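Taking it in order: structure first as structure tokens, then the write-up.
Every number here is computed from the coordinates shown, using simple stated rules; none is lab data. For clarity, every value in this text was computed on a predicted model and none was experimentally measured. No Cβ is skipped: glycine too gets one built from the backbone with ideal geometry, and neighbour counts run over all protein chains shown.
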Amino acid sequence: MSSLELARQALVTAARCALAVPPEEVAVADRPWPDPDALWPMLAAQMDQVSQGPHRVDPLLGRLRGDLGLDVLESWLISCCLATEMFPDAAAAASLLAEEDRISLVTPVAFGRIMQQALGIPYAEGLCCALEGGRAKNLGLIDVLDVLPGAPVTHRGLRITARELAGLLATSSATTLRPMGSVGNPSQVWVEREAPAKGTVFDAATVAGARNLLSERGILCLRTSSRRAAQQLALDLASDRAEQALFLRTGEDVPSAAELARLGEGLPVLDFMDRGSLPAEQLALLRALSALEPPIIVLVPATAELGRFAALAVPDLGYSEALRVWQLAGQASGTAERLARRFRLALSEVRSVVREARDRHAASFGTDPSVGPGASAALGADDSGIDDSKIVMLGEASASPTLEHPPRAELTRAVLAQGARKMGKLVTHLVSDARLEELVLPDRQRRLLDDVIGWYEASARVFGEMAMHPSSHLGRGLICLFSGPPGTGKTFAAQCLANRLGLNLYRIDLSQVVSKYIGETEKALSTVFDEAAAGHGLLLFDEADALFGKRSSVKDAHDRYANIEVGYLLQRLESFSGVAILATNLRSNMDQAFVRRIRFLLDFPMPDRPMRQLLWQQALPGAAHRADELAVEPLIERFRLSGGSIQNIGLAAAHLAAATPSGRVSTEHLVRATYRELEKTGQARSKGEFGPLAELLEEAV
């Protein structure tokens with residue numbers, strides 16, 4: 001028989017025995033009820049068997065004692081309160097025991113007498129357990145009702161809370177409490193468990209200071225602009241305690257103490273990073289939790305108001321922390337160093353990366369995994385000039401790839417893949433096999449691009465080994481401005497640069513990022529910047545003047561909010577430690593506050609004649625698909641076209657040629673394609689402009 005059914009029978013039996021007491025007899029609370037029908041011995045034996053048996057025998061007691069850590073008395077108190085909600089006869093019996101029609105609930109005095117008669121527990125002990133709800137009240141499992149003002153506290157009704165009752169009633173079985181985050185649980189809590197590490201990532205002084213604050217205050221709030229950095233420090237604190245970290249994502253409500261207790265062993269970490277501020281009532285709930293279930297860690301935005309709670313500012317993950325993360329994940333010294341230069345991830349993320357890389361490697365174990373078109377470039381050659389796609393482990397030349405230690409190429413591939421998934425619909429992931437060798441630029445711009453690459457590859461050494469720190473308010477990020485007319489190669493240069501640096505290329509989709517709702521734009525941009533700063537990718541703000549344009553004078557609320565968005569972008573660029581490219585056709589429209597934060601400024605001019613000649617050669621198919629009499633020089637000489645336009649002409653001419661029997665590009669095909677491109681761009685396209693090729697113009701029109 002279940003504990004809930006036994007609690008029901010105990011209430012009904014106690015009521016029957018209470019009715020057997022002669023009316024003229026004065027009741028004495030600590031004395032047993034008369035038992036004329038000998039009902040108690042069998043019931044007591046069954047209750048004792050359930051109490052002493054394994055938790056799994058009875059689901060309800062297993063949940064109460066195993067998950068919530070309640071003792072025998074506390075568990076039976078909850079069972080009796082549940083019985084009055086589930087069974088009308090139990091509620092009627094509770095009312096009779098309370099000797100009050102207005103109370104159909106268990107009272108402390110009734111519970112004490114039942115425990116004395118059923119389990120032989122001293123009356124005073126049972127009474128103390130139930131007074132004011134006891135620990136069950138502190139955990140948020142039951143409420144205390146003062147129906148009769150002035151009545152003794154021993155006669156107050158104890159009722160299961162609506163939250164716990166909703167979870168109970170939502171189940172198919174009346175003996176099973178719902179788990180956290182399930183239907184009927186208003187708080188909607190999702191839990192991710194992370195095992196402790198063999199060491200800490202942050203330095204010993206930071207961890208020790210956080211540990212002391214947590215021990216003294218019960219709740220420690222970690223202020224940060226980087227969720228992964230705060231999560232890492234939380235995991236460090238859990239590892240320092242040799243416990244798992246319990247990362248909780250909550251809905252609008254703060255979880256109850258009972259919900260936290262139900263998680264079992266571990267250090268709870270409440271994630272409130274998506275909330276701009278915490279309302280006063282939620283701060284009060286946190287304060288109540290700090291007195292009941294310490295310790296607890298709370299992740300909050302850097303700007304959150306926290307009242308008197310202990311708070312600690314958490315810096316972003318740097319090279320030294322990233323190196324420690326990869327080492328704790330079991331990577332060899334050389335591999336860890338090179339991965340740390342590129343990727344700033346928390347240990348939980350790296351563990352996931354290693355698992356994914358291990359699975360990828362297992363799927364192709366014993367073969368040379370194909371990296372596909374452009375993948376070798378995307379994996380990138382690091383500062384040593386060694387291509388990730390060609391090695392197993394740097395520093396361990398004799399090592400061979402194993403399922404336990406997948407090659408660095410697989411780790412890199414897994415990091416980039418996970419980063420692309422995290423970005424979701426906020427960006428467009430541009431995948432190409434573009435190489436710097438294919439980029440046609442003047443020598444000065446080419447040298448500037450080389451400097452950009454050198455800056456990126458040297459950053460880990462500058463800010464790590466050389467311990468350099470920015471002397472100004474500017475951050476460590478690499479921000480570049482690409483400006484020039486349309487089609488001059490700004491986006492193509494970004495693709496080449498991303499492949500050379502071994503990063504994903506994310507083009508910001510303004511339609512997804514910019515929102516009409518206040519605060520949503522900042523939240524979306526925060527996600528984009530955080531993931532890019534971790535080393536997942538290079539951010540490309542195409543047509544950047546639309547987002548980074550000059551701030552206007554404030555005439556209405558819309559102007560004021562637009563200026564707030566620009567101000568937020570300035571703030572994020574200052575703290576950004578990744579790579580971003582702002583591409584614009586109209587440099588003059590850019591806000592000067594952004595321009596001052598630029599590390600490198602590259603102007604992409606319209607190509608001169610030698611550059612156009614190279615661009616035409618790249619745009620056309622190979623010699624086998626060109627007509628013998630193909631005349632390109634007149635077009636090179638007469639039309640000052642951008643690289644994008646030339647590429648379009650070559651592609652259109654190839655399609656025209658493919659539709660003919662010979663399949664070879666002729667001068668006529670080029671003239672027709674050029675005329676159409678001039679028409680699209682609004683440039684002059686008269687016969688005089690085509691010179692000796694004008695005779696082909698009639699067929700082109």
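What is the order of H536, H155, fewest Cβ neighbours within 10 Å to most? It would help to have the intermediate numbers written out before the result.
Working: H536 27, H155 17.
Starting with the residue having the fewest Cβ neighbours, the order is H155, H536.
For a footprinting-style exposure proxy, rank W190, W326 by other Cβ within 10 Å, fewest first. Spell out each step's value before the answer.
Numbers: W190 12, W326 24.
Fewest-to-most Cβ neighbours within 10 Å comes out as W190, W326.
So how do C128, C81, C17, C480 line up by other beta-carbon neighbours within 10 Å, fewest first?
Values: C128 14, C81 29, C17 20, C480 23.
Lowest to highest Cβ neighbour count: C128, C17, C480, C81.
Mind giving me the FRET efficiency for I453 and A162? R0 is 60 Å, r the Cβ-Cβ distance, nearest 0.05 is fine.
0.45
Out of residues 5 or more away from C221 or on other chains, whose amide H comes under 5 Å of its own, with H placed 1.01 Å from N in the peptide plane?
Counting only residues 5 or more places away or on other chains, the set is V298, A310, A311, L312.
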